[in-house]
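One structure is given here, and the rest of the page talks about it.
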Amino acid sequence: MIEDRDRLASSEAREAALACVEAGIEAGHPRTVVREAVSLEGDTLRVADTTYDLGEYDEVVVLGGGNAAAHVAVALETVLGDRIDRGVVVTDDPVETERVTVREGDHPVPSERGVEGTRAVLEAADAAGEETLVLAAITGGGSAVMPAPAGDVSLAALQSTTDALLASGADISEINAVRKHLSELKGGRLAGRAAPATVVSLILSDVVGNDLSVIASGPVAPDASTFAEALAVLERYEIDAPDAVTAHLERGAVGEIGETPGPDDPAFERVSNHVVADGMTVLEAASDAAAERGYEPLVLSSRVRGEARDAATMQVAIAEEIRATGTPIEPPAVVLSGGETTVTVRGDGTGGPNQEFATSAALELEAGGEAGDGGDIAVAAVDTDGIDGATDAAGALVDGATVEDPETARAALEKNDVYPYLEARNALVLTGPTGTNLNDLRVLVVRS
């Protein structure tokens, strides 16, 4: 899974960190989670704790999108085989399928091919009838790979708005409040297009707290956000959005365009949503991997958010306390966290939240006397989809020996240009697309 793993695993602490990363990502792969959540016996389809009689439906259709959507489709085909009649999913990680059409999109910035693929999803939803069972594969990354610009909003306008939001430090809920109100699919509108079909969603969540309306911008979930709130996000982060974007949101705010459907909308009468994997899925597997290697695991939280470099400072302090005093647990220990940190971009460099977390952590370790041979603490921080920011790295693995020149490391952080800094120190973790997307995973290994 991890390129050049042997070189990265140059110490026991670093090897343990990589093992936890691999275990967490594997546990969150659709082939694992769908096998556990979905089964078929005769005509009885089980999804989580709910059953459906396939004899009551004329057809079974798979629709959806996101980083892991094609892998979900493959897993569903493994369970259902020729009981699936048709389907379309959009993803940036395509794999071969038998009965579901896979269309390619792009992440994190939407593209024209994503628009075309999303149109195919909407057309397939329009063709669903009352006797159709729609299995909706909804995964992290769906907001970007399934663009469907609404009204007079162009793809270029959507792209520039997305770029600005991603660089602003806004959290995913705020970003998606805007994207939902610029889309014909998001914010529950896909459910409206599929009605009156029965819609059963299988969700892989990359959102802190598993808010269904935020994951992939909630294409089959009720939406409580409003056009006015979307405008407020642009104002709060001083986003200079294209005129078409602002005009569309302003028209919606005064009622000229219908709001996204809320919980009482009839579109959701036959919709059920099932979160089959989330950040805690990853953390539990990483925790088990640590325990198997003789480490005491401590899961801090699956909901860490805020600036990546600030989160690193706090988590390194916890690791140092464990090493120094055995509080809150005795070493050898592994400290784990998930969630989604952000970066407020002020420079024009290359990197991502996990790379900034790792760089900041390495600086803290150097300042704390962990230089030389790397000391007893290693830190891995990765995005479980294998794409940290807009780079080809999942994240980075560092220790006290990573930073020999603190001023250069600080300058890289200041310019938001940590990718080349980490690359020069052979600290990047490269996985390629992992087939899943369940938020970030951070691992701090404390040897003694």
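The values are calculated or read from the model by the stated rules, or taken from the named source; none is laboratory data. Quick caveat: nothing in here was measured; it's all calculated off a predicted structure. Heads up, the Cβs are rebuilt from the backbone with ideal geometry, glycines too, and the neighbour counts pull from every protein chain shown. With ligands, DNA and RNA removed, areas are computed over all heavy atoms of the protein, side chains included. Shrake-Rupley method; radii C 1.70, N 1.55, O 1.52, S 1.80 Å.
Some notes on this structure:
- Residues (assigned to a helix (DSSP H, G or I) and crowded, with 19+ Cβ neighbours inside 10 Å) located in the range 227-245: 227, 230, 231, 233, 234, 245
- Filter pass, residue 211 being part of a loop (DSSP other than H, G, I, E, B) and over 29 Å from residue 308 (Cα atoms): no
- Listed by position, the helices (runs of 4 or more DSSP H) inside the range 1-104 whose residues that are closer than 20 Å to residue 276 by Cα number at least 2 are 12-27, 30-37, 69-80.
- For beta carbons closer than 8 Å, sequence separation of 6+ or different chains, a first residue in the range 168-191 that is within 27 Å of residue 352 (Cα to Cα) and not assigned by the TED database to the domain that holds residue 346 and a second that is part of a helix (DSSP H, G or I) and of a type in the set (Asp, Glu), the qualifying pairs are 177/229.
- Matching residues in the range 270-300 - criterion: being among the charged types (D, E, K, R), part of a loop (DSSP other than H, G, I, E, B) and surrounded by fewer than 23 Cβ atoms within 10 Å (Cβ to Cβ): 270, 293
Each row is one residue, and each column tells you yes or no for (1) touching a helix residue (DSSP H, G or I) at 6+ places or on another chain (Cβ under 7 Å); (2) open to solvent by less than 30 Å² (accessible area, probe 1.4 Å).
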site: 4; (1), (2): no, no
site: 37; (1), (2): no, yes
site: 50; (1), (2): no, no
site: 93; (1), (2): yes, yes
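- Which numbered condition residue 103 fails, given (1) under 28 Å from residue 179 (Cα atoms); (2) open to solvent by less than 60 Å² (accessible area, probe 1.4 Å); (3) free of Cβ contacts under 8 Å to residues at least 24 places away in the same chain: (2)
- Contact map, the range 403-421: residues that are closer than 10 Å to residue 363 by Cα paired with residues that are surrounded by fewer than 16 Cβ atoms within 10 Å (Cβ to Cβ), Cβ distance under 8 Å, separation 6+ or inter-chain. Pairs shown: 406/367.
- Hits in the range 391-408 - residues which are open to solvent by less than 20 Å² (accessible area, probe 1.4 Å) and over 27 Å from the mean Cα position of the chain (by Cα): 400, 402, 403
- Of the residues making up the range 128-162, those that are within 14 Å of residue 185 (Cβ to Cβ) and among the hydroxyl-bearing types (Ser, Thr, Tyr) number 1.
- Within the option set 9, 13, 17, being out of contact with any strand residue (DSSP E or B) (no Cβ under 8 Å at 6 or more places or on another chain), under 21 Å from residue 423 (Cα atoms) and open to solvent by less than 50 Å² (accessible area, probe 1.4 Å) holds for one residue only, 9.
- Residue 222 vs. criteria within 27 Å of residue 119 (Cβ to Cβ), in the same structural domain as residue 177 (by the TED database), open to solvent by 20 Å² or more (accessible area, probe 1.4 Å) and in contact with a Gly (Cβ under 8 Å, 6 or more places away or on another chain): yes
- Test for residue 306: is it on the phi > 0 side of the Ramachandran plot, assigned by the TED database to the domain that holds residue 389 and buried (at least 19 other Cβ atoms within 10 Å of the Cβ): no
- Positions within the range 250-307 being touching a residue at least 60 places away in the same chain (Cβ under 8 Å), within 22 Å of residue 183 (Cβ to Cβ) and hydrophobic (A, V, I, L, M, F, W, C), in sequence order: 257, 267, 268, 271, 275
- Of note, residue 214 does not satisfy the criterion of being open to solvent by 10 Å² or more (accessible area, probe 1.4 Å) and within 14 Å of the chain's Cα centre (by Cα).
- Criterion applied to 422, 438, 365 was being more than 19 Å from residue 316 (Cβ to Cβ), crowded, with 21+ Cβ neighbours inside 10 Å, of a type in the set (A, V, I, L, M, F, W, C) and not assigned by the TED database to the domain that holds residue 111, and the one residue passing it is 438.
- Residue within the range 427-437 that is outside any loop (DSSP other than H, G, I, E, B) and over 22 Å from the mean Cα position of the chain (by Cα) present: no
- Being part of a loop (DSSP other than H, G, I, E, B) and small (Gly, Ala, Ser) is true of residue 258.
Yes or no, residue by residue, for (1) in a helix (DSSP H, G or I); (2) farther than 18 Å from residue 87 by Cβ; (3) hydrophobic (A, V, I, L, M, F, W, C):
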site: 115; (1), (2), (3): yes, yes, yes
site: 122; (1), (2), (3): yes, no, yes
site: 129; (1), (2), (3): no, no, no
site: 137; (1), (2), (3): no, no, yes
site: 158; (1), (2), (3): yes, yes, yes
site: 174; (1), (2), (3): yes, yes, no
site: 187; (1), (2), (3): no, yes, no
site: 196; (1), (2), (3): no, yes, no
site: 206; (1), (2), (3): no, yes, no
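- Selection count, the range 311-331, where residues are open to solvent by 60 Å² or more (accessible area, probe 1.4 Å) and either within 17 Å of residue 13 (Cβ to Cβ) or outside any helix (DSSP H, G or I) (or both): 6
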